[in-house]
Amino acid sequence: MYAGDAESIRDRFREVLAHFGSGVVVITSGSPDGSPVGMTVGSFTSISIEPPLVGFFAGNTSTTLPSVVSNGAFCANVLAEDQHLLARTFARSGADKFAGVEWTASMNGSPRLAGAHAWIECTIDDHRPIGDHELVVGRVDALGVPAVNDPLIFHRSVFHGLRAHR
Ligand SMILES: Cc1cc2nc3c(=O)[nH]c(=O)nc-3n(C[C@H](O)[C@H](O)[C@H](O)COP(=O)(O)O)c2cc1C
């Protein structure tokens with residue numbers, strides 16, 4: 001399959017881009033009323049080491065994005081392989097995503113999800129619209145690896161574990 005004109009690129013965009021596997025991150029933050037918010041993203045990336053910056057892209061229809069931006073801080077929870085149900089829960093728009101979810105507050109108040117593969121806690125450094133998404137850049141305030149476990153991978157709409165090739 002190959003798409004080279006505007007209409008077929010639009011039709012095939014999701015299908016082809018799904019071939020790019022990624023780790024899975026739940027971005028958490030606090031909402032203005034104090035309740036926790038969160039959304040699953042595959043677009044999380046490291047950006048800069050000095051200063052330490054990371055970022056992600058949130059669709060501009062995301063109900064979580066306005067709370068993250070107004071809170072000015074977030075925690076990126078890199079999910080472990082056994083957290084695929086959590087990845088689905090946090091990919092449902094608007095639902096009560098924290099029901100039954102174990103978490104503790106990070107230094108900036110954003111939830112650290114129990115059992116995560118890694119945590120990166122950030123203050124928002126910059127955010128700007130790009131296409132139909134918003135790029136959110138965070139300056140890293142604290143980070144850690146809470147447990148030794150395996151990461152969750154998302155590829156072609158399916159969750160996977162990691163296979164090493166050495
Ligand atoms: C594995 C996976 C990766 C995703 N990556 C992104 C992403 O990078 N950006 C985004 O806006 N949505 C992404 N989504 C979809 C959001 O999680 C989904 O739109 C969610 O409903 C947003 O919730 P909200 O509207 O409550 O903020 C992803 C979903 C899954 C399952």
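If packing is taken as the average count of other Cβ atoms within 10 Å, what order do 2-13, 47-58, 102-113 fall into, highest mean first? Spell out each step's value before the answer.
Details: 2-13: 9.8, 47-58: 15.4, 102-113: 17.5.
So the peptides 2-13, 47-58, 102-113, ranked by packing, come out 102-113, 47-58, 2-13.
Could you order the peptides 152-158, 116-122 from most to least packed, using the average number of other C-beta atoms within 10 Å per residue? Don't skip to the answer; put the middle values down first.
Numbers: 152-158: 14.7, 116-122: 22.9.
With the highest mean Cβ count within 10 Å placed first, the list reads 116-122, 152-158.
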Next on the checklist: For the chain, compute Rg over Rh where Rg is the Cα radius of gyration and Rh is the Kirkwood radius from the inverse mean 1/r over Cα pairs.
Outcome noted: 0.97
Item to check | Centroid-to-centroid separation of region 1-54 and region 114-133 [C-alpha atoms, Å] | outcome: 10
Next on the checklist: Charges on Cβ only, +1 for Lys and Arg, -1 for Asp and Glu, centred on the Cα centroid of the chain; of VAL145, MET1, GLY131, which one is farthest towards the dipole's positive end?
Outcome noted: MET1
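Give, rounded to the nearest 20 debye, the magnitude of the charge dipole that the chain has about its Cα centre when Lys and Arg contribute +1 at Cβ and Asp and Glu contribute -1 at Cβ. Before the final figure, lay out the partial values.
Details: 12 positive and 17 negative charges, 71 e Å.
With Lys and Arg at +1 and Asp and Glu at -1, about 340 debye.
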Next on the checklist: Taking the full set of protein chains and a 1.4 angstrom probe, give the accessible area of THR89 in square angstrom, rounded to the nearest 10.
Outcome noted: 40
Checklist entry - Normalised by the number of residues in region 22-160, what is the relative contact order in percent for Cα pairs under 8 Å and 6+ residues apart? => result 29
Checklist entry - Farthest toward the dipole's positive end in the chain, which of SER22, PHE44, LEU113, given Cβ charges of +1 (Lys, Arg) and -1 (Asp, Glu) about the Cα centre? => result SER22
Checklist entry - Once the Cα atoms of helix 6-17 and of the chain are each reduced to a long axis, what angle between those two axes, in degrees from 0 to 90 to the nearest 10, is obtained? => result 50
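The values are calculated or read from the model by the stated rules, or taken from the named source; none is laboratory data. It should be emphasised that the depicted structure is a prediction, and the values quoted were computed from it without experimental measurement. Heads up, the Cβs are rebuilt from the backbone with ideal geometry, glycines too, and the neighbour counts pull from every protein chain shown. Note: areas computed on protein heavy atoms with side chains; ligands, DNA, RNA excluded. Shrake-Rupley method; radii C 1.70, N 1.55, O 1.52, S 1.80 Å.
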